[in-house]
Amino acid sequence: MKLVTWNTQWCCGLDGTVSPQRIVDGARALGDFDVLCLQEIAQGFPRLQGAPGDQPAQLAALLPGFRCFFGAAVDTFAADGARQRFGNLVATRLPVARVEHHALPWPADDGVRSMPRVCTVVTVIDAALGPVRVMTTHLEYYSAPQRLAQAQAVRALHDEACARAAAPPQPADDGSPFQSQVHTPHALLCGDFNADARDAAVAAICAPGARDGYALRDAWPLAHGSAPHAPTFRVFDRTYGPDPLACDFVFVSASLASRVRRIEVDGQTRASDHQPVCIELG
């Protein structure tokens, strides 16, 4: 299974041009992905740079053979009543068992710029790996307390899913909302965590748990050993700081750690202010 994750900055490149086509092409150049996880996808925000349009619809049109699932963290209305949504999108050509959108904590942090955040979860069925929960998110940039609370909540979602897989609900085949669903402890968590590998948010995600066989692990050292993470932010644009930073990660459940074959970063593209990451599991 190949997965690409990318904070797209609403598909706005460093040249100021908004192009979902360029994002899809760049992701395909990095890997013939089965799953594409995109953060910062916009719908109805014409005042953003480049005036993005209905990007979930545009991306769906650019990805024939894929099913697209948009999870809006921000879902509000402009002064003229037009709906505005902003969040994550997961596209996959694999069979899909279930889809979930989880609002993350947004605790008060007086006077600090922030916005709602969400974790989108799509359970796919891979021929080699079986059911896998693909989780993608984008944690708060400006508020460290909010970011930590969100990271803890994402980890709690994973732990809850593992517990439910070990002790599933009563089985049912009655065609109702109570009918049996696919539950799995195997997961990939990816996205923009707005933190480096030493941050408390990353430590919270990778903390030991009651089911350590399924605890989340940073996939980069599984493929690269002690080599430092390749930077994924501020590589070309230093608006938000002077030094390049690795803040876009893929975490895998420990049950999938031995399946990690490669993880790479495209350090050359300027189609966003972040660099895309590709992971392959065998």
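What follows draws every value from the coordinates through simple rules; no lab data is involved. Because the structure is a prediction, the values reported are computed rather than measured. Cβ sites come from the backbone with ideal geometry, for glycine too, and all protein chains shown count toward neighbours.
At a glance:
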item: Restricting the stretch 65-87 to residues that are assigned to a loop (DSSP other than H, G, I, E, B) and under 21 Å from the mean Cα position of the chain (by Cα), the residue that is farthest from VAL134 (Cα to Cα); result: GLY65
item: Looking only at the stretch 72-94, and only at residues there that are surrounded by fewer than 13 Cβ atoms within 10 Å (Cβ to Cβ) and touching a residue at least 12 places away in the same chain (Cβ under 8 Å), the one that is nearest to LEU3 (Cα to Cα); result: ARG83
item: Subset of the stretch 113-130 [surrounded by fewer than 20 Cβ atoms within 10 Å (Cβ to Cβ) and either in contact with a helix residue (DSSP H, G or I) (Cβ under 9 Å, 6 or more places away or on another chain) or closer than 20 Å to ASP218 by Cα (or both)]; result: SER114, ALA128, LEU129
item: Residue tally, condition in contact with a Ser or Thr (Cβ under 7 Å, 6 or more places away or on another chain) and more than 19 Å from LEU36 (Cα to Cα), over the stretch 244-271; result: 1
item: Residue ID - surrounded by the most Cβ atoms within 10 Å (Cβ to Cβ), chosen from residues in the stretch 225-238 that are of a type outside the set (D, E, K, R) and more than 16 Å from CYS190 (Cβ to Cβ); result: VAL235
item: Leading residue by the ranking (farthest from the chain's Cα centre (by Cα)) among those in the stretch 131-156 that are crowded, with 24+ Cβ neighbours inside 10 Å, of a type outside the set (Val, Ile, Thr) and part of a strand (DSSP E or B); result: ARG133
item: Restricting the stretch 26-52 to residues that are of a type outside the set (A, V, I, L, M) and touching a helix residue (DSSP H, G or I) at 6+ places or on another chain (Cβ under 9 Å), the residue that is nearest to ALA127 (Cα to Cα); result: PHE33
item: Matching residues in the stretch 27-57 - criterion: being part of a helix (DSSP H, G or I) and surrounded by fewer than 23 Cβ atoms within 10 Å (Cβ to Cβ); result: ARG28, ALA29, LEU30, PRO56, ALA57
item: Any hit, the stretch 253-266, residues being in contact (Cβ under 8 Å) with a residue 60 or more places away in the chain, in a loop (DSSP other than H, G, I, E, B) and touching a Leu at 6+ places or on another chain (Cβ under 9 Å); result: yes
item: Selection count, the stretch 43-57, where residues are within 29 Å of ALA97 (Cα to Cα) and free of Cβ contacts under 8 Å to residues at least 40 places away in the same chain; result: 3
item: Test: residue in the stretch 213-224 that is out of contact with any helix residue (DSSP H, G or I) (no Cβ under 9 Å at 6 or more places or on another chain), surrounded by 17 or more Cβ atoms within 10 Å (Cβ to Cβ), touching a residue at least 24 places away in the same chain (Cβ under 8 Å) and closer than 19 Å to THR137 by Cα; result: yes
item: Selected residue (only one of ASP110, ASP159 is over 18 Å from CYS247 (Cα atoms) and part of a loop (DSSP other than H, G, I, E, B)); result: ASP110
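A quick yes/no check of all residues on (1) touching a Lys or Arg at 6+ places or on another chain (Cβ under 6 Å); (2) part of a loop (DSSP other than H, G, I, E, B):
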{"site": "SER180", "(1), (2)": "no, yes"}
{"site": "LEU188", "(1), (2)": "no, no"}
{"site": "PRO208", "(1), (2)": "no, yes"}
{"site": "SER226", "(1), (2)": "no, yes"}
{"site": "ASP237", "(1), (2)": "no, yes"}
{"site": "GLY241", "(1), (2)": "yes, yes"}
{"site": "VAL250", "(1), (2)": "no, no"}
